[in-house]
Amino acid sequence: MADISPADYPEYTKNISNKSQPPLGFGTRPALIIVDAQKAYWNPDSPLYFSHYENAAAAPAYIKTLVSSARSGKCPVIWSRIQYENASLRDAGLWAKKRNHLDCFLSSDSRGLGDWIEGLGPEGDDVFITKKFASAFFGTTLATQLQMLNVDTLVICGAHTSGSIRQTTLDAMQSGFRPIVVAAACADRTRETHFANLFDIRAKMGDVIAVEEACKQLEKG
């Protein structure tokens, strides 16, 4: 099944989806990772709200569908989110100087913008990763957790396509895990940044697939 339809982005379909390079494909032990599915990006009152790309609003529903499929197939489910403890954002390093509004992710923030989107969040034996930077691998135990679970394929969804999704995808590939990005279950600030980064991910780092295909593979377990 096509990952992006011509109606979504004709240039993508023409120049990337139809390239002859073979996909990485799924291995034998997939896991689902949900990256930064936090209220800060989907709350209209947040300074980080995805207000300029209309399809971003649909991503949480697709994420929920993926979680349901992963649980059905007994695939590991991993949740990764940004969280800071230092009121001056010292634990954000130089990123706090480059990126505005990281205070949304302070554990002490009274707005609750760092919380999971309503209806989403870890359950039971799910793996929970707290990170300080874009990649869910950087400075965390994610690679070790995946190795312990014998995971060889990482299905990726969440926010931002141009930031945490891209960096997590790159680090997954570099760490020996097959990265599979679910296009409609990812979101970004604009249509252009969303699709431009899907271009690069598909061309250089991993696979970009449709929600239906991801669910089918996850349900196989």
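For the reader, a short list of remarks on this structure follows.
- Taking the numbered list (1) under 30 Å from residue 86 (Cα atoms); (2) without any contact (Cβ under 8 Å) to a residue 12 or more places away in the chain in turn, residue 204 passes all entries but (1).
- Restricting attention to segment 104-119 and to residues that are without any contact (Cβ under 8 Å) to a residue 60 or more places away in the chain and touching a strand residue (DSSP E or B) at 6+ places or on another chain (Cβ under 8 Å), the residue that is most open to solvent (accessible area, probe 1.4 Å) turns out to be 107.
- Per-region count, segment 135-159, residues under 15 Å from the mean Cα position of the chain (by Cα) and open to solvent by 20 Å² or more (accessible area, probe 1.4 Å): 2
- The set of residues from segment 187-219 being in contact with a Pro (Cβ under 8 Å, 6 or more places away or on another chain) and either in a helix (DSSP H, G or I) or open to solvent by 40 Å² or more (accessible area, probe 1.4 Å) (or both) comprises 201, 205, 217, 218.
- Of 44, 122, all but one fail to be of a type outside the set (Asp, Glu), open to solvent by 20 Å² or more (accessible area, probe 1.4 Å) and free of Cβ contacts under 8 Å to residues at least 40 places away in the same chain; the exception is 44.
- Test: residue in segment 113-121 that is assigned to a strand (DSSP E or B), more than 18 Å from residue 27 (Cα to Cα) and within 17 Å of the chain's Cα centre (by Cα): yes
- None of 114, 158, 163 is of a type in the set (Gly, Ala, Ser) and more than 17 Å from residue 208 (Cα to Cα) except 114.
- For residue 78: the one exception among (1) in a strand (DSSP E or B); (2) open to solvent by 40 Å² or more (accessible area, probe 1.4 Å): (2)
- Some residue of segment 126-135 being in contact with a Phe, Trp or Tyr (Cβ under 7 Å, 6 or more places away or on another chain), farther than 21 Å from residue 40 by Cα and assigned to a loop (DSSP other than H, G, I, E, B): yes
- Residue check for residue 92: in contact with a Phe, Trp or Tyr (Cβ under 7 Å, 6 or more places away or on another chain), buried (at least 16 other Cβ atoms within 10 Å of the Cβ), modelled with pLDDT under 95 and not β-branched (Val, Ile, Thr): yes
- Any hit, segment 53-66, residues being in a helix (DSSP H, G or I), open to solvent by 80 Å² or more (accessible area, probe 1.4 Å) and not basic (Lys, Arg): yes
The values are calculated or read from the model by the stated rules, or taken from the named source; none is laboratory data. Note that this is a predicted model, so its numbers are computed, not measured. All Cβ positions, glycine included, derive from the backbone under ideal geometry; neighbour counts span all protein chains shown. For the accessible areas, the whole protein counts, side chains as well, though only heavy atoms, and no ligand, DNA or RNA atoms are used. Shrake-Rupley method; radii C 1.70, N 1.55, O 1.52, S 1.80 Å.
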